[in-house]
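Every number in this text was worked out from the coordinates using simple rules, so none of it is lab data. Since the structure is predicted, the reported quantities are computational estimates derived from the model, not experimental observations. Methodologically, a virtual Cβ is constructed for each residue, glycine included, from the backbone with ideal geometry; neighbour enumeration extends over all protein chains shown.
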Amino acid sequence: MSTFRIAEAARLLGVSDDTIRRWIEHGLLPVTGARPTEIPGRALADRARELAAAPDPVGAPSSARNRFVGLVTRVQVDGLMAQVDLQSGPHRVVSLMSAEAARDLGIDVGSLAVAVVKATTVIIETPKGTQ
């Protein structure tokens, strides 16, 4: 069974170490009893699914499953095209769109947005030594 230390769990869920500690304190995440404190990987996966199922702050209904809610961190317009960077937890998502679409959507640094990703291939990697 995989276990993760508090800092690793925080990084994986995109929250602070203090948030993980509060969740442990309130019984939302179990610990193994080992020192230093470790969280079972299965419990961390369950919590990740709970967070993913939480209501979307944007509230737009969609059939898409690969949705990243986050904050716009950069908008670069050059002629007819715009590059929009979105930070969703630990994930940086970059979108290229027409400058007109960026203007019509009112996209600006600091605004809330959702990136919807459609891909035909998903590659899974594991860290060395976990096989």
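Details
- Restricting attention to the stretch 1-18, the residues that are part of a loop (DSSP other than H, G, I, E, B) and crowded, with 17+ Cβ neighbours inside 10 Å total 1.
- Any hit, the stretch 33-40, residues being assigned to a loop (DSSP other than H, G, I, E, B), within 18 Å of Gly89 (Cβ to Cβ) and touching a helix residue (DSSP H, G or I) at 6+ places or on another chain (Cβ under 7 Å): no
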